[in-house]
Amino acid sequence: MADASLPLLPTTVVGSYPQPDWLVDREKLLSRLPPRVRARDVWRIPEPFLEQAQDDATLLALRDMERAGIDVITDGEMRRESYSNRFATALDGIDLDNPGSRPGRSGRPDIVPRVVGKIRRTRPVEVRDVEFLRANTDRTIKITVPGPFTMTQQAVDDFYGDETQLAMDFAIAVNEEIHDLIAAGADVIQIDEPYLQARVEAAQQYAIAAINRALEGVRTTTVVHTCFGYGLVVQNKPAHVGYPFLEQLLDTSVDQLSIEAAQPGSSLDLSVLERLGNKTVVLGVLDLGTADVESEEVVERRIRGALEHVPPERLVLAPDCGMKYLPRQAAFEKLQVMVRAARHVRSGLQLPTGVASR
């Protein structure tokens, strides 16, 4: 569903924004890449003052996004050690004291949550995040939650003996959280599912059913983000990038599909956008594999390349992935370039009736 208040070619962020150095120890954070279990030692602020510090960092992030001109903003995920672990480890059925080990996307072992009982959500996890964001901006706001398929792939199952059932219980927990997030004021809900591209065989078996269960009864704009990993920290991306599990997402009830396209460059055939039905595409037009700030002309070229395959009414512009590992100044300048490029491309388009032109 479209937000009539947004301009053509609206801009957004995928989720995370760089956390200040006074909030997290970035060297420790980078050493986890990213943590799947809790990593409380990355926080520089003592526990009694941590929530207040995270609130302050959130205000910095959202003001940066507003100053840059971003149309759909997030809280920058300032309160998270990773995109997934804060939610996953808040669920009943997880043994926090005895984690497991499982190969990650790169093939190296990851320390991951161990499932020892039925997965249940016993309390809201991100509701206060949305309430805080809603109270501090009048922009369209988005909140991200980890996807049920990815959480299943980031866990050791010592209870179910059936990944499909584990994924469906993760999906129920995500669904309960999403409904509370909408009630708290979220305009857009994004489910992060990067592991769709790394574990295609399992994705074929149960990812669609799990995503649809997570979105059951949801009546606001929804996004699924899928990618090949943070550009600055994932060095072994496919040489010839194609999305092995993308067109299958046409069978989900999601409104928008968010993919990285800037770092892959010419190795990603954008004609795939023509095969995504009526889904809106959230297209990565900022390369996060480098802290170098690309020129406006480069970003415009990426936007125009996508417009050869998808109409502007179904295109949203974003960085490739979360900006967590970038220097803050580089992240801010990249967002500014994206906003300027969007405005320039937008100014040359013939606007459909009723579409905002700002």
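What the table shows:
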item: Pair list, Cβ < 9 Å and 6+ apart or interchain, from the range 35-51 residues that are in contact (Cβ under 8 Å) with a residue 24 or more places away in the chain and of a type in the set (Gly, Ala, Ser) to residues that are buried (at least 19 other Cβ atoms within 10 Å of the Cβ) and part of a helix (DSSP H, G or I); result: ALA39/LEU29; ALA39/ASN85
item: Residue pairs meeting the criteria (Cβ under 6 Å; at least 6 apart or on separate chains; first within 18 Å of ASP75 (Cα to Cα), in the range 6-32; second of a type in the set (D, E, K, R) and assigned to a helix (DSSP H, G or I)); result: PRO18/ARG328
item: Residues (surrounded by 19 or more Cβ atoms within 10 Å (Cβ to Cβ) and touching a residue at least 40 places away in the same chain (Cβ under 8 Å)) located in the range 247-273; result: LEU249, THR252, VAL254, ASP255, GLN256, SER258, GLU260, ALA261, ALA262, GLN263
item: Subset of the range 159-168 (residues that are out of contact with any helix residue (DSSP H, G or I) (no Cβ under 7 Å at 6 or more places or on another chain) and free of Cβ contacts under 8 Å to residues at least 60 places away in the same chain); result: GLY161, ASP162, GLN165
item: Selection within the range 142-198 - aromatic (Phe, Trp, Tyr) and closer than 20 Å to PRO244 by Cβ; result: PHE149, TYR195
item: Residue match in the range 57-67 (condition: in a loop (DSSP other than H, G, I, E, B) and either touching a helix residue (DSSP H, G or I) at 6+ places or on another chain (Cβ under 8 Å) or not hydrophobic (A, V, I, L, M, F, W, C) (or both)); result: no
item: Search result, residues across the range 176-187 that are over 14 Å from THR221 (Cα atoms) and buried (at least 20 other Cβ atoms within 10 Å of the Cβ); result: GLU177
item: Members of the range 88-105 that are closer than 21 Å to PRO46 by Cα and not in a strand (DSSP E or B); result: THR89, ALA90
item: Residue in the range 199-210 that is small (Gly, Ala, Ser), closer than 28 Å to MET65 by Cβ and surrounded by 21 or more Cβ atoms within 10 Å (Cβ to Cβ) present; result: no
item: Matching residues in the range 274-312 - criterion: being of a type in the set (Gly, Ala, Ser) and assigned to a helix (DSSP H, G or I); result: GLY305, ALA306
item: Residue selected from the range 241-268 under the condition touching a Leu at 6+ places or on another chain (Cβ under 6 Å) and in a loop (DSSP other than H, G, I, E, B), by the criterion nearest to THR220 (Cα to Cα); result: SER253
item: Test set (1) at pLDDT below 95; (2) closer than 30 Å to LEU9 by Cβ - VAL112 fails condition number; result: (2)
item: Test: residue in the range 24-35 that is in a loop (DSSP other than H, G, I, E, B) and β-branched (Val, Ile, Thr); result: no
item: Tally, over the range 235-270, of residues that are more than 19 Å from VAL316 (Cβ to Cβ) and modelled with pLDDT under 95; result: 14
item: Output for the range 315-331, where each listed residue is part of a helix (DSSP H, G or I) and either buried (at least 20 other Cβ atoms within 10 Å of the Cβ) or touching a His at 6+ places or on another chain (Cβ under 6 Å) (or both); result: ALA331
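The values are calculated or read from the model by the stated rules, or taken from the named source; none is laboratory data. What you see is a predicted model; the values in this text were computed from it and never measured. Counting neighbours? That spans all protein chains shown, and the Cβs are built from the backbone with ideal geometry, glycine included.
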